[in-house]
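Enquirer: The structure's right below; bear with me while I get my questions together.
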Amino acid sequence: MTALTPTQDVLERAAETIKRGGVVVMPTETVYGLACDALNAEAVRKVFEIKGRPAENPLIVHVASVEEAEGIAERFPDEARRLAERFWPGPLTLVLEKRDTVPSETTADLGTVAVRMPDHPVALDLIRKAGCPVAAPSANPFMALSPTTADAIDESISLDVEIIIDGGPCRVGLESTVVDLSGDFPRILRPGGVSRAQVQAVLGRPLGHLPPETVRRSPGLYLRHYAPNAKVEVVDAAPEGRPALVFGDARSDQVKMPREPRAYAAQLYASLRHLDRKGHEVIYVEAPPDGAEWEAIHDRLKKASS
Ligand code: TXA
Ligand code: MG
């Protein structure tokens, strides 16, 4: 399956595919997603099967407007409204109480639904044309690195979908921040493209820390995740001449990474994948600075190296 340029014709065909219960790959600003009608249990089951993902790990539902989000959430509390106004479209996912119209397949029986409006013209156009909320996990096999370009999509995925839309490289490059608003106080379940400080600034109160039972509330928080085939080792300085992501001068089989967190995030998966495809056993990654702006990057490196 070759990736198609998002012409109006391609988008219409992709929207038709979603409407009749098929699966397509769509670009978003974070990573590419494996997209289907979020309200069609049969289509959702197909997505789980293609990804090889355990059924207890729920999907994020993508919408093209706040009204559409209200249509799948039982309640859209004031804090959700403020966050949506500030960060949508964008890399922020809100976990809210779900309505009965959302099948339990989509939400893994949780009673809550994760929803976001992606900041990508192709994704928004596709969702509008399909006329339904669109469930989309990252378009990688379970536990592998999320694709941030169309040619990074694994063959096992591309063989099973009807259309792949090439939206170019993903601007953010890491998955969305997941904020749980369904409990007594808001909590970050997954750090991502919107920082903890940005969320706290809008809410005007600190976000809760992850309690131990989180692994059950957000099953996607498996420790090893977002990992290449190679073993990832985070180190202070990369050993001479070994495959690595470095901040200084790069030798062959090393990739020089930006010192600015957003630029680093945008390149992280593509750089790991580049070295991974050469079949190295270990990829060394020079530890990024501490600092709150690096939280999502540290999270993914920790998961890739677990
Ligand atoms: O940036 C993104 O979020 C990308 C693009 C395609 O939008 N999607 C993505 O989906 O990363 P996925 O399925 O790979 O990750 C979804 C995460 C998982 O950690 C899952 O457990 C969590 O969101 N999640 C989904 N629904 C949830 C819910 N109802 N309650 C708690 N966590 C939920
Ligand atoms: Mg994923």
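Enquirer: So if I check each of Gly21, Gly90, which one is assigned to a loop (DSSP other than H, G, I, E, B) and away from ligand 1 (no atom under 14 Å from the Cβ)?
Expert: Details: Gly90 fails: away from ligand 1 (no atom under 14 Å from the Cβ).
Of the residues listed, the single one that is assigned to a loop (DSSP other than H, G, I, E, B) and away from ligand 1 (no atom under 14 Å from the Cβ) is Gly21.
Enquirer: Still on this model: Which one is surrounded by the most Cβ atoms within 10 Å (Cβ to Cβ), of the residues in segment 150-186 that are of a type in the set (Asp, Glu) and either near ligand 1 (Cβ under 10 Å from one of its atoms) or in a loop (DSSP other than H, G, I, E, B) (or both)? Explain how you work it out, then say what you get.
Expert: Let us first name the residues in segment 150-186 that are of a type in the set (Asp, Glu), namely 151, 154-155, 160, 162, 166, 175, 180, 184.
Right, trim to either near ligand 1 (Cβ under 10 Å from one of its atoms) or in a loop (DSSP other than H, G, I, E, B) (or both) and you get 154, 160, 162, 166, 175, 180, 184.
Numbers: Asp154: 14, Asp160: 15, Glu162: 15, Asp166: 18, Glu175: 27, Asp180: 23, Asp184: 6.
Once the filter is applied, the top-ranked residue is Glu175.
Enquirer: What are the residues in segment 10-29 that are within 16 Å of ligand 2 (Cβ to nearest atom) and acidic (Asp, Glu), if any? Before you say what the answer is, go through the steps one by one.
Expert: Initial filter on segment 10-29 (within 16 Å of ligand 2 (Cβ to nearest atom)): 23, 25-29.
Once the filter is applied, which keeps residues that are within 16 Å of ligand 2 (Cβ to nearest atom) and acidic (Asp, Glu), segment 10-29 yields only Glu29.
Enquirer: Considering only residues that are in a strand (DSSP E or B) and touching a helix residue (DSSP H, G or I) at 6+ places or on another chain (Cβ under 6 Å), which ones fall in segment 24-38? Explain how you work it out, then say what you get.
Expert: The initial filter retains those residues of segment 24-38 that are in a strand (DSSP E or B), namely 24-26, 33-37.
Scanning segment 24-38 gives Val24, Met26, Leu34, Cys36, Asp37.
Enquirer: If the Cβ limit is 8 Å and pairs must be 6+ apart or interchain, which residue in segment 116-141 that is closer than 16 Å to Leu174 by Cβ and in a strand (DSSP E or B) pairs with which residue that is small (Gly, Ala, Ser) and within 14 Å of ligand 2 (Cβ to nearest atom)?
Expert: Cβ pairs passing all conditions: Arg116/Ser176; Ser138/Gly33; Ser138/Ser146.
Enquirer: Checking Ala14 against (1) out of contact with any strand residue (DSSP E or B) (no Cβ under 9 Å at 6 or more places or on another chain); (2) touching a residue at least 60 places away in the same chain (Cβ under 8 Å); (3) in a helix (DSSP H, G or I): exactly one of these is not met. Which one?
Expert: (1)
Enquirer: Considering only segment 38-51, I want to know if a residue exists there that is charged (D, E, K, R) and in contact with a Lys or Arg (Cβ under 9 Å, 6 or more places away or on another chain).
Expert: Filtering segment 38-51 for residues charged (D, E, K, R) gives 42, 45-46, 49, 51.
Now drop any that are not in contact with a Lys or Arg (Cβ under 9 Å, 6 or more places away or on another chain), which leaves none.
Checked against the condition, which is being charged (D, E, K, R) and in contact with a Lys or Arg (Cβ under 9 Å, 6 or more places away or on another chain), segment 38-51 yields no hits at all.
Enquirer: Scan (1) crowded, with 23+ Cβ neighbours inside 10 Å; (2) in contact with a Lys or Arg (Cβ under 6 Å, 6 or more places away or on another chain) for the single condition Pro91 breaks and write down its number.
Expert: Going through (1) crowded, with 23+ Cβ neighbours inside 10 Å; (2) in contact with a Lys or Arg (Cβ under 6 Å, 6 or more places away or on another chain) one by one, Pro91 breaks only (2).
Enquirer: A further question on this structure: Can you name the condition, by its number, that Glu56 falls short on among (1) closer than 17 Å to Ala136 by Cβ; (2) within 13 Å of ligand 1 (Cβ to nearest atom)?
Expert: (1)
Enquirer: In a helix (DSSP H, G or I) and over 30 Å from Asn229 (Cα atoms): is that true of Leu96 in this structure?
Expert: Working: in a helix (DSSP H, G or I): no; over 30 Å from Asn229 (Cα atoms): yes.
Spelling it out, it is not the case that Leu96 is in a helix (DSSP H, G or I) and over 30 Å from Asn229 (Cα atoms).
Yes/no matrix, rows are residues, columns are (1) of a type in the set (Gly, Ala, Ser); (2) within 8 Å of ligand 1 (Cβ to nearest atom); (3) within 15 Å of the chain's Cα centre (by Cα):
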position: Ser104; (1), (2), (3): yes, no, no
position: Thr107; (1), (2), (3): no, yes, no
position: Leu110; (1), (2), (3): no, yes, no
position: Ala114; (1), (2), (3): yes, yes, yes
position: His120; (1), (2), (3): no, no, yes
position: Leu124; (1), (2), (3): no, no, no
position: Val134; (1), (2), (3): no, no, yes
position: Met143; (1), (2), (3): no, no, yes
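Enquirer: Also, I was wondering about something else. Could you pull out the residue among Ala38, Ala84, Ala73, Ala108 that is on the phi > 0 side of the Ramachandran plot, out of contact with any Cys (no Cβ under 6 Å at 6 or more places or on another chain) and hydrophobic (A, V, I, L, M, F, W, C)?
Expert: Ala108
Enquirer: So is Ser104 closer than 18 Å to Ala43 by Cβ and among the small types (Gly, Ala, Ser) or not? Walk me through it before giving the result.
Expert: On the way: closer than 18 Å to Ala43 by Cβ: yes; among the small types (Gly, Ala, Ser): yes.
Judged against the criteria, Ser104 is a match.
Enquirer: What about Ile163, is it over 23 Å from Glu293 (Cβ atoms) and not hydroxyl-bearing (Ser, Thr, Tyr)? Lay out the reasoning, then the answer.
Expert: Details: over 23 Å from Glu293 (Cβ atoms): yes; not hydroxyl-bearing (Ser, Thr, Tyr): yes.
Considered against the rule, which asks whether it is over 23 Å from Glu293 (Cβ atoms) and not hydroxyl-bearing (Ser, Thr, Tyr), Ile163 comes out as yes.
Enquirer: Could you check, for segment 264-276, whether at least one of its residues is under 24 Å from Glu240 (Cα atoms), over 19 Å from the mean Cα position of the chain (by Cα) and surrounded by fewer than 21 Cβ atoms within 10 Å (Cβ to Cβ)?
Expert: Within segment 264-276, one or more residues are under 24 Å from Glu240 (Cα atoms), over 19 Å from the mean Cα position of the chain (by Cα) and surrounded by fewer than 21 Cβ atoms within 10 Å (Cβ to Cβ).
Enquirer: Continuing with the same structure: Checking the conditions here, which among Val202, Val178, Val194 is touching a strand residue (DSSP E or B) at 6+ places or on another chain (Cβ under 8 Å), at pLDDT 95 or above and away from ligand 2 (no atom under 16 Å from the Cβ)?
Expert: Numbers: Val202 fails: touching a strand residue (DSSP E or B) at 6+ places or on another chain (Cβ under 8 Å); Val178 fails: away from ligand 2 (no atom under 16 Å from the Cβ).
Going through Val202, Val178, Val194 in turn, the sole match is Val194.
Enquirer: Output yes when any residue across segment 249-256 is out of contact with any helix residue (DSSP H, G or I) (no Cβ under 6 Å at 6 or more places or on another chain), aliphatic (A, V, I, L, M) and surrounded by 13 or more Cβ atoms within 10 Å (Cβ to Cβ), and no when none is.
Expert: Taking segment 249-256 and keeping what is out of contact with any helix residue (DSSP H, G or I) (no Cβ under 6 Å at 6 or more places or on another chain), we get 249-254, 256.
Going one step further and asking which of them are aliphatic (A, V, I, L, M), we end up with 250.
With the extra rule that they be surrounded by 13 or more Cβ atoms within 10 Å (Cβ to Cβ), the set shrinks to 250.
Yes, segment 249-256 has at least one match.
The values are calculated or read from the model by the stated rules, or taken from the named source; none is laboratory data. Computed from a predicted model, the values in this text were never measured in an experiment. FYI the Cβ positions are ideal-geometry reconstructions off the backbone, even for glycines, and counts take in every protein chain you see.
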